[in-house]
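Worksheet: one structure, shown below.
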Amino acid sequence: MLCISGDATRPLALEERAQLLLTDPPYCLLTRRRKHGDLRDPKGKKNESVRRFEDVREYRAFTEAWLGNVTRHVDGPLVVWTNLLGKEPIRTAAAKLGWSHSRGEYVWAKRTRDADSGEELLRVVEVALIFTREPPPPLLPSDPSVPLSVVAGYDDDGEAQAWGNHPNHKPFGVLEPLLRTFSRPGDLVLDCFAGSGSIPAAALKLGRRAWCLELDPSWAARVSQRLEALP
């Protein structure tokens, strides 16, 4: 399987409909400027490739563009990762497109360790918003509950380091509950912001099919290599 290099705001060469959109688009990170408007230096090397927006209005327009384009190919739920500022623009855009029922926020409590302490710290920076077209049916006592949180480190499975340490890497243990809950074996999972390939790799491991897109050609090539290496 290959990851296509392309722009999520442009028509997708997808010949069948997906049963799940699970994706991790650029977060609503605003351009860092000094008091008089000059650009600040990036905080770290790994963040140099992270897209930033001048304001929330620009992020809203970006969200409406890619989500409106991609959902033409989706029949099932939308699961979209974001940060605090991105919640409202994504929620509003999804509702306008017909995915008006929120199933909640799946919270990743990212585990870190203080260098001078034996304590582990949990930081909530990223959440996945879950939307469906139809309201969820009433749960029966025998029904599994919808997972709404997970505790995991950035690279619990060692795959981030193996595949380039992408800043938006998600370990398998974070993605597995979402894939098991909102898709079935054989379903097609769409990821239009593949990054280093965490989502399509997890989908294939769980017996789903995957179609993925990544804007950066070098990352797209790395994702293709990663997926081809799966057993």
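No value in this document is a laboratory result; all are computed from the given coordinates. Since the structure is predicted, the reported quantities are computational estimates derived from the model, not experimental observations. Neighbour counts are summed over all protein chains in view; Cβ atoms, including those assigned to glycine, are modelled from backbone coordinates with ideal geometry.
Values for this structure:
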{"read-out": "C-alpha center-to-center spacing [the stretch 172-231, the stretch 104-171] in angstrom", "value": "16"}
{"read-out": "Full-extension gain in nm, E58 to E134, via 0.36 nm per residue minus C-alpha separation", "value": "24.4 nm"}
{"read-out": "Which of P89, A210, S183, positive extreme of dipole for the chain (C-beta unit charges)", "value": "P89"}
{"read-out": "Size of charge dipole - the chain - debye, nearest 20, with Cβ of Lys, Arg +1 and Asp, Glu -1, no other charges", "value": "520"}
{"read-out": "Normalised alpha carbon radius of gyration of the stretch 4-228 [divisor 2.2 N^0.38 Å]", "value": "1.02"}
{"read-out": "Antiparallel bridge percentage (DSSP; both residues within the chain; nearest 5)", "value": "50"}
{"read-out": "Hydrodynamic radius (Kirkwood) for the stretch 94-210, which is based on Cα pairs only, to one decimal in Å", "value": "15.9"}
{"read-out": "Computed [θ] at 222 nm, helices only, for the chain once each DSSP H run of length n ≥ 4 contributes -39500 (n - 2.57)", "value": "-7500 deg cm²/dmol"}
